[in-house]
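What follows is calculated from the coordinates using simple rules that are stated; it is not laboratory data. No experiment lies behind these values; they were computed from the predicted model shown. Quick reminder, even Gly has a Cβ in these numbers, built from the backbone with ideal geometry, and neighbours come from all protein chains shown.
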Amino acid sequence: MRIAVPLKDGRGLESEVCEHFGRARYFAFIDVEENTIKGAEVVEVPFEEHGPGDLPNFIKEHDGDVVLAYGMGRKAMAYFESLGITIVTGAYGKVRDVVEAFIHQVLEVDPHWRERIEETKHQ
């Protein structure tokens, strides 16, 4: 399984999950086998501006099976579904911790992420 996570910075597993999926400049692609992290790669997003489908296609091109993110728009969610990529929203914290929790099925997500994203838009 290959998990994609939007990053606040380019530090990979040591980075924090970026709150705004579409604004992330880097993604970590984490390879998981037998419930263990086997490797991680940080990839810079190759475009400044993006349209619908650009980020889902970018993740598909890097063989992402699952996306762990905090906030994500409905169009992006629908696009990922059409590509057969599983998405989990409301994920927050250090990437390594988030991925480990997901692997072991104990990931706690913020059920109010939509409201929190809206609040930050109006500040």
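What list of ³J(HN,Hα) values in whole Hz, one per residue of the stretch 81-87 in order, does the Karplus curve 6.51 cos²θ - 1.76 cosθ + 1.60 (θ = phi - 60°) give from phi, with Gly and Pro shown as x?
Listing the rounded values in order: 4, 5, 8, x, 9, 6, 10 Hz.
Based solely on its DSSP helices, what 222 nm [θ] is calculated for the chain when runs of n ≥ 4 H residues each add -39,500 (n - 2.57) and the sum is averaged over all residues, nearest 500 deg cm²/dmol? Walk me through the numbers before you get to the answer.
Working: 4 runs with 36 residues, N = 123.
Value at 222 nm, helices only: -8500 deg cm²/dmol.
Rounded to the nearest 5, what is the percent of antiparallel bridges among the DSSP beta bridges in the chain?
Beta bridges within the chain, antiparallel portion: roughly 75 percent.
Provide H50, H62 in ascending order of the number of other Cβ atoms located within 10 Å of each residue's Cβ, fewest first.
By the 10 Å Cβ count, ascending, the order reads H62, H50.
For a quick check, take a GNM of the chain with Cα springs below 10 Å and name the residue from A101, A24, A69 with the largest mean-square fluctuation.
A101
Please enumerate, by chain and number, the aspartates and glutamates with C-alpha under 14 Å from the C-alpha of K75, excluding those fewer than 8 residues away in the same chain.
Partners within reach: D54.
Counting only other residues whose beta carbon sits under 14 Å from that of L7, what net charge do I get with K and R as +1, D and E as -1? Walk me through the numbers before you get to the answer.
On the way: positive: K8, R11, R23, R25, K94, R96; negative: D9, E14, E16, E19, E41, E44, D97.
Net of charged neighbours comes to -1.
List the equivalent ellipsoid semi-axes of the chain in whole Å, largest first, each obtained as the square root of 5λ for an eigenvalue λ of the Cα gyration tensor.
Ellipsoid semi-axes (Å, largest first): 20, 17, 14.
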